[in-house]
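Since the structure comes first, as structure tokens, the remarks are kept for the end.
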Amino acid sequence: LTEDEDIQRMLRGSLLRKIKSRRGPRERLFRLQEDGATICFEGRFGRARSQQSFSVMNIEGVREGHQSEGLRKYGADFPERHCFTLVFKGKRKNLDLAARGEEDARHWVQGLTKLMGRLQAMSQPEKLDQYPFWIHGVLQRADRNKDNKMSFREVKSMLRMINIDMDDVYAYKLFKECDRSGDERLEGRELEEFCRRLLRRPELEELFGRYSGEDRVLSAEELRDFLRDQGEDASLRQACAVIRTYELNEKARQQDLMMLDGFMMYLLSAAGDILNQEHTRVHQDMSQPLCHYFISSSHNTYLTRNQIGGTSSTEAYVRALMAGCRCVELDCWEGSDGEPIVYHGHTLTSKILFRDVIESIRDYAFKQSPYPVILSLENHCGLEQQATMARHMKAILGDMLLTQPLEGQDPHDLPSPEQLKGKVLVKGKKLPEPWHEPCGVTSLPDPEEEEEEEEEEEEKLQERSSRQVRDSPRAMVLGDHGVLAKDASQVAPELSAVVVYCQAVPFPGLPHALRHPRPCEMSSFSERKARKLIKQAG
């Protein structure tokens, strides 16, 4: 890829602005390193400047334009075509960037996409071939005084760069064991030995020794025995195939022998994974009624941290959907200017607009999976803002939103995930049809009430046992939980109309539910209630 125009621009580096607040962001030089897998830029720790880096392998995706909460909030001063967002794997925050020009931004977006694809397609041996170049680049950056030696402080800096969170005591023990010269510096072979020890897996070495015997080399027969002990129906031919695929030493490979490194390569590859690789794709029958499946669901989806004072973010919905989640929760409350908001009511969590959440769901609902997404609405809004919620969902989701039962569908059965591909379903309260109230509005029992009452009871028990301080401001705020906004126990016809297959109702009890099955109705249980039902009528 070094001849590629996008990669060449990244290797030369570009001045990019890191956007994370309304304060004027400072330009920093971002540059791709020679290893083709590491991006370096100048960062700050307090007042001190330091060189920071991240691996392309840790990037989950690249978004063009104002496609993140951060850029929508703070990026208005920068043209959309100059902006892009790096989304990282795990819990690391997004990196929102603005280039000087559209061309620069395009080079980085296209270049990163190519590198990510290339790295993803690499086999384990190819990744291992890349390792010396990568580690060499890291060592050069960690060597602050450029003396080609590493103090323990520089070694700790190196560990941070490669995302190894190691206990200082253990790290220093390894450092001392490798410091043959005793001068508190590692160089040459000492450094090589330190890096090699970082990669050690003692439990795999012990396993290898158990099967290979004194010569520390696995024959094809010994590997076959190992595979059979793991419950695999392995033949000698299959064992030889594993050796030819994963053994790194050419001479050993030619003699159908496996060394420790090859054994580790195999066990740490997809083929050595405990997960059946066929199960990484949909392998089940997806034509059964919706209620025949466990549904990957998220509670308080909007929160990025704790439930009391954490940050609410549309990015939390993006991450949940990209992780394969098919049911997300929206706690909807009255907002200012007639706009409903989403947050954890009566707590110190921050608030986000309902409209922004629906836009994020529209953009990411079906990127990871084609199967239906359920929006579980916990509604605390009055009639006017409920109608606004319905308008936003219709306008933003368009044809994705299911507003009518599927044509030709038996009303006694729920449709299947296969039939509902690409559809968004709303879970909420449904008015009886036709409703008889003169103003087109009726009060319905709250299906969450029973659950909330039980949860409150459990919370009180926990509070007593942990002797929490009753008069703290936070406890007083929590004490108000469950109070609804004006008219929130009523349902607006507009909102009722978008509830089709997931009608929230109070649980009528098992005998009644079994005698009068209504597949479109669903109930929520507290864990205590669920355990009680299992015990009484499992």
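Evaluate the stretch 222-240: report whether one residue or more is without any contact (Cβ under 8 Å) to a residue 24 or more places away in the chain, in contact with a Gly (Cβ under 9 Å, 6 or more places away or on another chain) and open to solvent by less than 70 Å² (accessible area, probe 1.4 Å). Full working, then the answer.
The first filter runs over the stretch 222-240 and keeps only residues without any contact (Cβ under 8 Å) to a residue 24 or more places away in the chain, leaving 222, 224-240.
From the residues that got through so far, the ones that are in contact with a Gly (Cβ under 9 Å, 6 or more places away or on another chain) too are 222.
Those left that are additionally open to solvent by less than 70 Å² (accessible area, probe 1.4 Å): 222.
Looking for residues that are without any contact (Cβ under 8 Å) to a residue 24 or more places away in the chain, in contact with a Gly (Cβ under 9 Å, 6 or more places away or on another chain) and open to solvent by less than 70 Å² (accessible area, probe 1.4 Å), one finds at least one in the stretch 222-240, hence yes.
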Checklist entry - For the stretch 5-41, which residues satisfy the criterion of being under 28 Å from the mean Cα position of the chain (by Cα), closer than 18 Å to residue 55 by Cβ and at pLDDT below 90? => result 33, 35, 36, 37, 38, 40, 41
Checklist entry - Here are some residues: 406, 375. Which one is among the aliphatic types (A, V, I, L, M) and surrounded by fewer than 18 Cβ atoms within 10 Å (Cβ to Cβ)? => result 406
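Kindly indicate which of 384, 378 is out of contact with any His (no Cβ under 7 Å at 6 or more places or on another chain), modelled with pLDDT under 95 and within 24 Å of residue 338 (Cβ to Cβ). Before the answer, list the steps.
Values: 384 fails: modelled with pLDDT under 95.
Unique residue meeting the criteria: 378.
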Item to check | Number of positions in the stretch 280-295 that are exposed (fewer than 14 other Cβ atoms within 10 Å of the Cβ) and not β-branched (Val, Ile, Thr) | outcome: 8
Checklist entry - In the stretch 398-412, how many are in contact with a Leu (Cβ under 9 Å, 6 or more places away or on another chain) and in a loop (DSSP other than H, G, I, E, B)? => result 2
Checklist outcome for this item: Only one of 315, 329 is of a type in the set (Asp, Glu), more than 20 Å from residue 502 (Cβ to Cβ) and outside any loop (DSSP other than H, G, I, E, B), namely 315
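What helices (runs of 4 or more DSSP H) lie completely within the stretch 92-175 and have 3 or more residues being free of Cβ contacts under 8 Å to residues at least 24 places away in the same chain and more than 18 Å from residue 191 (Cα to Cα)?
Numbers: elements: 102-121, 124-142, 152-161.
The qualifying helices (runs of 4 or more DSSP H) are 102-121, 124-142.
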Checklist entry - Would it be correct to say that residue 78 is crowded, with 19+ Cβ neighbours inside 10 Å and among the aromatic types (Phe, Trp, Tyr)? => result yes
Checklist entry - Looking at the stretch 299-312, which of its residues are polar (S, T, N, Q) and either in a strand (DSSP E or B) or farther than 19 Å from residue 373 by Cβ (or both)? => result 304, 306, 307, 311, 312
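Is it the case, given these coordinates, that residue 324 is in a loop (DSSP other than H, G, I, E, B), within 16 Å of the chain's Cα centre (by Cα), closer than 20 Å to residue 93 by Cα and free of Cβ contacts under 8 Å to residues at least 60 places away in the same chain?
On the way: in a loop (DSSP other than H, G, I, E, B): yes; within 16 Å of the chain's Cα centre (by Cα): yes; closer than 20 Å to residue 93 by Cα: yes; free of Cβ contacts under 8 Å to residues at least 60 places away in the same chain: yes.
In short, yes.
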Item to check | Those residues of the stretch 192-219 which are open to solvent by less than 60 Å² (accessible area, probe 1.4 Å), at pLDDT 90 or above and either more than 15 Å from residue 267 (Cα to Cα) or of a type in the set (Ser, Thr, Tyr) (or both), in sequence order | outcome: 211, 212, 217, 219
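Taking into account only those residues within the stretch 176-191 that are assigned to a loop (DSSP other than H, G, I, E, B) and modelled with pLDDT under 90, which is most open to solvent (accessible area, probe 1.4 Å)? It would help to see each step written out before you state the result.
We begin by selecting, within the stretch 176-191, every residue assigned to a loop (DSSP other than H, G, I, E, B); these are 179-185, 187-188.
Subsequent filtering for residues that are modelled with pLDDT under 90 retains 187-188.
Details: 187: 78, 188: 56 Å².
Result: 187.
Quick grid of which residues meet (1) touching a His at 6+ places or on another chain (Cβ under 7 Å); (2) buried (at least 20 other Cβ atoms within 10 Å of the Cβ); (3) under 28 Å from residue 340 (Cα atoms); (4) at pLDDT 70 or above:
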residue: 399; (1), (2), (3), (4): no, no, yes, yes
residue: 415; (1), (2), (3), (4): no, yes, no, yes
residue: 418; (1), (2), (3), (4): no, no, no, yes
residue: 445; (1), (2), (3), (4): no, no, yes, no
Checklist entry - Just for the stretch 96-113: of the residues that are open to solvent by 10 Å² or more (accessible area, probe 1.4 Å) and within 22 Å of the chain's Cα centre (by Cα), which one is farthest from residue 65 (Cα to Cα)? => result 113
Checklist entry - Just wondering, is there one or more residues in the stretch 347-354 that are surrounded by 22 or more Cβ atoms within 10 Å (Cβ to Cβ) and among the polar types (S, T, N, Q)? => result yes
Next on the checklist: Can you confirm whether residue 370 is open to solvent by 40 Å² or more (accessible area, probe 1.4 Å), under 28 Å from the mean Cα position of the chain (by Cα) and within 30 Å of residue 68 (Cα to Cα)?
Outcome noted: yes
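Any residue at all in the stretch 323-339 that's buried (at least 18 other Cβ atoms within 10 Å of the Cβ) and hydroxyl-bearing (Ser, Thr, Tyr)? Walk me through it before giving the result.
Pass one, the stretch 323-339, residues buried (at least 18 other Cβ atoms within 10 Å of the Cβ): 325-335.
Among the residues that remain, those that are also hydroxyl-bearing (Ser, Thr, Tyr) are: none.
No: zero hits.
The values are calculated or read from the model by the stated rules, or taken from the named source; none is laboratory data. Computed from a predicted structure; not experimentally measured. Neighbour counts are summed over all protein chains in view; Cβ atoms, including those assigned to glycine, are modelled from backbone coordinates with ideal geometry. Note: accessible area is taken over every heavy atom of the protein model, side chains too, but ligands, DNA and RNA are not part of it. Shrake-Rupley method; radii C 1.70, N 1.55, O 1.52, S 1.80 Å.
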